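The values are calculated or read from the model by the stated rules, or taken from the named source; none is laboratory data. All values derive from a computational prediction rather than experimental measurement. Ideal geometry is used to build each Cβ from the backbone, glycine not excepted, and the neighbour counts take in all protein chains shown. Quick note on the areas: whole protein, heavy atoms, side chains included, nothing else; ligands and nucleic acids left out. Shrake-Rupley method; radii C 1.70, N 1.55, O 1.52, S 1.80 Å.
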Amino acid sequence: MSGAALGLEIVFVFFLALFLLHQYGDFKKQHRLVIVATLLAWYLCFLIVFILPLDVSTTIYNRCKLAVNSSPAESNGSYVTLAPSKQKCFKPWSYIPNGIMPIFWRVVYWTSQFLTWILLPFMQSYARSGGFSITGKIKTALIENAIYYGTYLLIFGAFLIYVAVNPNFNLQWNQLQTIGIAAANTWGLFLLVLLLGYGLVEIPRSHWNGAKRGYLLMKTYFKAAKLMTEKADAEENLEDIMEEVRKVSESIKYNHPLRKCVDTILKKCPPEYQERMGRNMDDYEDFDERQNSYPSEKSLVKLHKQVIYSVQRHRRTQVQWQILLEQAFYLEDVAKNETSATRQFVHTFHSQEPENKIIQYFYTPTVEWYWECLLRPWFYRVLAVVLATFSVIVVWSECTFFSTKPVLSLFAVFIQLAEKTYNYIYIEMACFLTIFFLSICVYSTVFRIRVFNYYYLASHHQTDAYSLLFSGMLFCRLTPPLCLNFLGLTHMDATISHRKTQPTAYTSIMGSMKVLSFIADGFYIYYPMLVVILCIATYFSLGTRCLNLLGFQQFMGDSEMTSDLIDEGKELIRREKRKRQRQEEGENRRREWKERYGNRDDSTRNRVVHTDQKESSFSETSTNRPLSKYTRSNGRTERDRIELLQDAEPLDFNADSINDDPLESDSGR
């Protein structure tokens, strides 16, 4: 069982990261290297969070074993028994043998640092480059990252020169490595506290507001108004870019050396624009004979970059608009069904996607009504209270974890109580819930923040390559200081607890922070207290109010601009709802027409075809016979009968009125 727990978590975390990446990335359209790099970054960060509780339980067992070995003891199977007190050190079910965890943490940590500081920034520039060849993209990425890499090299070189010149410093390689780790963790901790302060308040508040149907509906109307503006802007931007592409495609013919670049640009355009801008292969022109000015390759690279960005933005806004419409329609249905006497949930529109039969069997309209109208609001309120309790415990522990006598951090109290009884399952569950809640507060903020249109994680496969890689960078920079902060909260870090005990394998990889005492004894201890100020600012929505004053519309209940946008969004939703109702009514009419008159139309067509064949055969025989008045009169009578059959149309004589004819109603529309 010792290696099974580690193996199971490694496999489970891989599929978890793959599932989340599938929700945001597009495996079919995005480059494979982007998908692999992002998946590796997410996987390593999630893996650290899930494996760290196993490291804590293994370390507690090793401490017990060292204490037993230092006193007379007897070994008995999987545990060690103290002779005087008969105390038993049970081996945890998830125990990992010595030597495995240090190697594991070293590989995971340095791989994540290589990704976040070297590979992912380079791939970001590579993904946003508009070059037409691999060499051109690599060149562009190196030029864009020259300042980025040069700054770090300059700082590191200056530090090495200072250490070499100053005789008071005698640093070895391990100490230089620890300084580098401390610098990376300091930058990560600075960003970690900012994101954590926002998540500790916003996550419980969002779940509490999730129980308010009116609040959710008003916020959806607000989002609809903002998204419509963004959608119109994206469509206008795409039209302008496509117009430039059309001009370039018309000016550069197929025999021009840059025509391959134009073809590459055309492949990135939407299909409807590709049909309009198909190149004219029949028009041969010798570009050397013309004196027209052709665009340069550099301008085509810039145009290629603009096309990729505008097409991605246009596709994202279209998909988000459809998703937002479904949410608005569903919330309006919930508001209508709350007063339903039948207690069965009725949808205004049927789902466009086929539903699972198993879900339909269990999730009946009655069950859906009880869940959506009665149980779900209370469930969200209870969950919000639980999350708020966790947030209060985290804030208290962040402000008091440096106190060891007495121990004020609640997480440290829980772990030490379980350590006395060696209840490893409780230890692992407490550690997992603690670090999982911290990770949710931090990572959810990463998924929520949006830096204009440069960084935005959009679900339903609408996130671009640049945002995916940037999220991987943030995760790799935030996870190590997050784990160190968790070990400090539980007093498993010897630097915080000031106990001469065996450290965890993760802490041993980080090295002793005593090399930089002003960071270990100052910044790491007192900077996390800033989370109190950030929580207060988030509770009173100071950041939202500042953005609103700067002109970035935010959802605020007491703002006149918010009320105007809510009214605008409500009208947009009402308009889209009428449009979809008309479409469904038209489809229902066509379906009824086919069901009612489909067989009759088929029989009429068969009769017409039969009479046509009969007429043709009659005309052939009549031309071969001598003309007489009998044959002429019979032919005329037959032709009149055929014309009447051809002019005949199926009529519904049982209809109540003329409006019941679907063809006439459709033509009237």
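The residues of the range 410-456 that are closer than 21 Å to L120 by Cα and at pLDDT below 90, listed by number, are R448, I449, R450, V451, F452, N453, Y454, Y455, Y456.
Hey, can you tell me all the residues within the range 118-154 that are open to solvent by less than 50 Å² (accessible area, probe 1.4 Å) and more than 26 Å from V307 (Cβ to Cβ)? G150, the sole residue that qualifies.
If I filter the range 35-76 down to residues being hydrophobic (A, V, I, L, M, F, W, C), open to solvent by 10 Å² or more (accessible area, probe 1.4 Å) and at pLDDT 85 or above, which single residue comes out as farthest from T116 (Cα to Cα)? Looking at residues that are hydrophobic (A, V, I, L, M, F, W, C), open to solvent by 10 Å² or more (accessible area, probe 1.4 Å) and at pLDDT 85 or above, I get F50. Answer yes or no: is there a residue in the range 559-577 that is open to solvent by 90 Å² or more (accessible area, probe 1.4 Å) and farther than 25 Å from W208 by Cα. Within the range 559-577, one or more residues are open to solvent by 90 Å² or more (accessible area, probe 1.4 Å) and farther than 25 Å from W208 by Cα. Checking each residue in the range 435-456 for being under 23 Å from T538 (Cβ atoms) and open to solvent by 10 Å² or more (accessible area, probe 1.4 Å) picks out F436, F437, I440, Y443, S444, F447, R448, I449, R450, V451, F452, Y456.
Yes/no per residue for (1) open to solvent by 30 Å² or more (accessible area, probe 1.4 Å); (2) part of a helix (DSSP H, G or I):
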position	(1), (2)
V531	no, yes
L534	yes, yes
T538	no, yes
R545	yes, yes
N548	yes, yes
Q553	yes, no
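Can you confirm whether S459 is farther than 17 Å from E398 by Cβ and either in contact with a strand residue (DSSP E or B) (Cβ under 9 Å, 6 or more places away or on another chain) or open to solvent by 40 Å² or more (accessible area, probe 1.4 Å) (or both)? When the stated conditions are applied, S459 passes them. Kindly establish whether T389 is hydroxyl-bearing (S, T, Y), at pLDDT 95 or above and out of contact with any Pro (no Cβ under 8 Å at 6 or more places or on another chain). So T389 passes the test.
In the set (1) under 19 Å from L52 (Cβ atoms); (2) buried (at least 20 other Cβ atoms within 10 Å of the Cβ), F470 fails one condition alone, (1).
Across the range 481-496, the number of residues qualifying as β-branched (V, I, T) and open to solvent by 10 Å² or more (accessible area, probe 1.4 Å) comes to 2. Can you give me the number of residues within the range 396-413 that are of a type outside the set (S, T, N, Q), surrounded by fewer than 19 Cβ atoms within 10 Å (Cβ to Cβ) and not in a loop (DSSP other than H, G, I, E, B)? So the count comes out to 4.
For the range 333-348, the condition of being of a type in the set (D, E), buried (at least 18 other Cβ atoms within 10 Å of the Cβ) and in a helix (DSSP H, G or I) holds for none of the residues.
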